[in-house]
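J.: Dropping the structure in here first, questions after.
A short reminder: the numbers here are calculations on the coordinates, not readings from a lab. Just so we're clear, the structure is a prediction, and the values are computed from it rather than from any experiment. Neighbour counts run over all protein chains shown; Cβ positions are idealised from the backbone, glycine included.
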Amino acid sequence: MDIKKTLGKNIKQYRMLKGFSQEKFSELLDISQQTLSQIERGKNFLTSATLEKIPELLDISVYELFMNEEDYTSEDVLSDIQRYLTVLKNQPEKLEFVHKFIKEITFL
């Protein structure tokens, strides 16, 4: 995967985890929604000024923006799972589904 696609995929993933719509996040970054969409699809790259804003808004490190799946350590995976669970706390039906899924795969 190329760097623009990796970056875009990660921005989208972490943006959604924080509950930002593209519209709201693009406003916070002071870019157009169309530009953000192109960045998230790996069609466009962002400026250094925009890049500097993203980690703070998403509460992540710059490193996490550029990580490929194969770069993940067990610690990274657990950190992501904790983030997912934080989001799921307010979505009981999804939380119940995740609970059943984890229970199933744990006791295979």
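J.: How many percent of the alpha carbon pairs in segment 3-69 exceed a separation of 18 Å? Intermediate values should be presented prior to the final figure.
T.: Values: 478 of 2211 pairs.
That tail contains 22 percent of the Cα-Cα pairs.
J.: If we count every other residue with Cβ under 12 angstrom of ASN44's Cβ, Lys/Arg +1 and Asp/Glu -1, where does the sum land?
T.: Numbers: positive: LYS4, LYS5, ARG41, LYS43; negative: GLU40.
Result for the local shell: +3.
J.: Oh, and also: So how tilted is helix 3-17 from the main axis of the chain? Cα-based, degrees 0 to 90, rounded to 10.
T.: 60 degrees
J.: Return the lysines within reach of LYS9: Cα separation strictly under 25 angstrom, same-chain partners fewer than 8 residues apart disregarded; answer none if there are no such residues.
T.: LYS18, LYS24, LYS43, LYS53, LYS89, LYS94
J.: Pull up the cross-link candidates among the aspartates and glutamates for LYS5, meaning alpha carbon to alpha carbon under 17 Å and not fewer than 8 places away within one chain.
T.: Cross-link targets: GLU40, GLU64, GLU69, GLU70, ASP71.
J.: Turning to a different aspect of this structure: Compute the long axis of helix 92-106 from its Cα atoms, compare it with the longest principal axis of the Cα atoms of the chain, and write down the angle in degrees, 0 to 90, nearest 10.
T.: 60 degrees
J.: Would you mind counting up the charge near LYS12? Only other residues with Cβ under 12 Å from its Cβ, with Lys and Arg at +1 and Asp and Glu at -1. Numbers along the way, then the final one.
T.: Numbers: positive: LYS5, LYS9, ARG15, LYS18, ARG41; negative: GLU40.
Surrounding charge for LYS12 is +4.
J.: Then there is this: Please give the calculated 222 nm ellipticity per residue for the chain, where each DSSP H segment of at least 4 residues contributes -39500 (n - 2.57) and the sum is spread over every residue; nearest 500 deg cm²/dmol?
T.: -21500 deg cm²/dmol
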